[in-house]
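The values are calculated or read from the model by the stated rules, or taken from the named source; none is laboratory data. Because the structure is a prediction, the values reported are computed rather than measured. So basically every Cβ, Gly included, is an ideal-geometry build from the backbone, and we count neighbours across all protein chains shown. For the accessible areas, the whole protein counts, side chains as well, though only heavy atoms, and no ligand, DNA or RNA atoms are used. Shrake-Rupley method; radii C 1.70, N 1.55, O 1.52, S 1.80 Å.
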Amino acid sequence: MGRFWFRISSSSSLSLLFLLAQIFRAVSLQRNQSRVPAVIAFGDSIVDPGNNNGLKTIIKCNFPPYGRDFVPHIPTGRFSNGKIPTDLLASSLGIKELLPAYLDPTLTTEDLLTGVSFGSGGTGYDPLTPQIVSAISIEDQVKLFREYISKLEGIAGADQAVRIVSDSIYLVILGSDDLANTYFTTPFRKAHYDIPTYTDFMVQKASIFYQELYELGARKVAIVGVPPVGCVPSLRTLGGGLLRQCQETYNQAARLFNAKLSMEIDKLSATLLGSRMVYVDIYKTLLNLVLHPSSYGFKVSNKGCCGTGTIEVTLLCNELSPQTCTDVADYVFWDSYHPTEKAYKIIIDAVVQEYLPRLL
């Protein structure tokens with residue numbers, strides 16, 4: 001037996017050590033995850049599980065074919081064919097399979113204890129962004145969070161409510177709609193800001209928001225940067241020319257904002273006592289899915305599954321949309337703006353492996 005071990009090659013030894021390290025890391029992560037009582041989310045359509053359903057807004061998707069692959073195959077208001085990042089994160093933490101909308105009229109006591117999402121499709125850091133589409137602003141999401149804390153106190157008592165709020169994992173995804181919709185699509189901000197000053201403005205608003213969350217008790221906050229918005233199908237259609245190439249101007253703005261946001265988050269994390277605020281970079285992950293789809297098991301990354309895949313999103317993606325794909329597993333994007341559940345799983349797996357340990 002001793003001779004056998006001495007004959008193992010150096011490369012095999014390294015592989016074994018790597019495997020053992022991965023197992024140890026997984027076990028440690030699992031133990032830490034058990035101490036997370038809830039997942040709480042803020043943001044835009046990427047984390048909206050149905051808060052927009054009751055709003056007077058065109059930014060909603062509580063109708064087919066949205067939810068086509070969601071069990072039990074019904075539209076819930078999630079902007080995808082199935083689950084969204086908040087569901088996948090809550091599931092990976094072993095908390096629950098789905099993270100409900102805070103404004104869901106069927107919300108239960110158990111739902112409140114284990115976390116909710118305040119996300120609203122179409123919102124952003126810029127106060128003008130939700131006004132344009134009648135979404136829930138981040139200021140109003142904070143108000144709803146205060147209301148949520150009061151409900152927790154009523155259910156579990158003040159001390160337990162404080163523990164839930166402080167020990168929960170927070171996921172925030174914002175900024176895409178500020179750039180893609182408010183700045184580049186409408187004339188309201190361009191007259192007063194160039195891209196550098198507008199991204200400064202976004203970061204200023206973001207900083208205020210995260211300090212408010214901290215003051216309300218949030219400590220473990222994962223803050224997701226803007227993805228390569230210039231590569232989503234609808235923006236490729238509108239500004240990518242005949243070949244529908246990625247809009248590099250949009251992507252440059254996203255990278256500039258991300259760099260500034262990352263620096264601000266590092267500063268807040270260092271100055272807000274007891275906080276663990278982590279900037280999460282998904283730009284590279286989604287860009288790799290777009291540029292190298294076959295490496296991840298996809299066939300199509302420049303069009304969505306719904307309709308023609310070039311422009312359909314929200315109301316334009318409906319039961320009458322022609323040419324909707326039959327095999328969504330081939331597609332990175334579900335509609336012309338939002339990824340499929342399969343793509344979200346790849347992104348969240350990367351987030352859980354790289355960033356979650358920093359919060360636990």
How many angstrom lie between the C-alpha centres of region 156-224 and region 103-143? 12 Å
So for region 34-147, taking the charge dipole from beta-carbon charges (+1 Lys/Arg, -1 Asp/Glu), which of 61, 142, 39 sits furthest toward the positive end? 61
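What does the charge add up to near residue 44, with Lys and Arg as +1, Asp and Glu as -1, over the other residues with Cβ less than 11 Å from its Cβ? Write out the running numbers ahead of the final one.
On the way: positive: none; negative: 48, 177, 178.
The answer is -3.
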Using per-residue counts of other Cβ atoms within 10 Å, averaged over each peptide, order 46-55, 195-204, 317-326 from highest down. 46-55, 195-204, 317-326
Specify which labelled value, from (i) 23.9; (ii) 22.4; (iii) 21.1, agrees with Kirkwood radius over Cα pairs in Å derived from the coordinates of the model shown. (iii)
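If I take every Cα pair under 8 Å that is 6 or more residues apart in the chain, average their sequence separation and divide by the length, what percent do I get for the relative contact order? List each step's numbers first, then the result.
Values: 676 pairs, mean separation 60.3, N = 360.
For the chain, the relative contact order is 17 percent.
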Using DSSP, restrict attention to beta bridges with both residues in the chain and report what percent are antiparallel, rounded to the nearest 5. 5 percent
Which value, in debye to the nearest 20, gives the size of the charge dipole of the chain about its Cα centre, when Lys and Arg are +1 and Asp and Glu are -1 at the Cβ? 1020 debye
List the cysteines of the chain that have no other Cys Cβ closer than 4.7 Å: which are they? 61
Could you give each residue of region 60-71 its phi-based ³J(HN,Hα) in whole Hz, using Karplus coefficients 6.51, -1.76, 1.60 with θ = phi - 60°, and x for Gly or Pro? 8, 8, 8, 8, x, x, 4, x, 4, 10, 8, 6
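Assuming 1.002 mPa s and 20 °C, estimate D for region 168-314 with Stokes-Einstein, Rh taken as the Kirkwood radius over Cα pairs, in µm²/s.
Details: Rh = 16.6 Å.
Answer, rounded: 129 µm²/s.
Just how many % of Cα pairs in region 116-242 lie over 25 Å apart, if you round to the nearest whole percent? Kindly include the intermediate steps, with their values, before the conclusion.
On the way: 2664 of 8001 pairs.
Here the tail beyond 25 Å accounts for 33 percent of pairs.
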When the accessible area of the chain is split by element with a 1.4 Å probe, what percent falls to carbon and sulfur? 58 percent
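What order do you get for 180-188, 271-279 when each peptide is scored by the mean count of other beta carbon atoms within 10 Å, highest first? Please list the in-between numbers first.
On the way: 180-188: 18.4, 271-279: 16.0.
Order by mean packing, descending: 180-188, 271-279.
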Mean accessible area per residue over region 77-172 (1.4 angstrom probe, all protein chains present, square angstrom) is 34 Å²
Could you name the lysines in cross-link range of residue 299, using Cα to Cα under 18 Å and dropping any fewer than eight places away on the same chain? 342, 345
Provide the per-residue ³J(HN,Hα) series for region 204-212, in order, calculated from phi with Karplus coefficients 6.51, -1.76, 1.60 and θ = phi - 60°, each as a whole number of Hz, with x at glycine and proline positions. 4, 5, 4, 4, 4, 4, 5, 5, 5
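Sorting check: for 108-120, 131-143, 237-249, which peptide has the highest mean count of neighbouring beta carbons within 10 Å, and how do the rest follow? Before the final figure, lay out each step's value.
Values: 108-120: 21.5, 131-143: 19.3, 237-249: 14.3.
Ranking, from highest mean packing down: 108-120, 131-143, 237-249.
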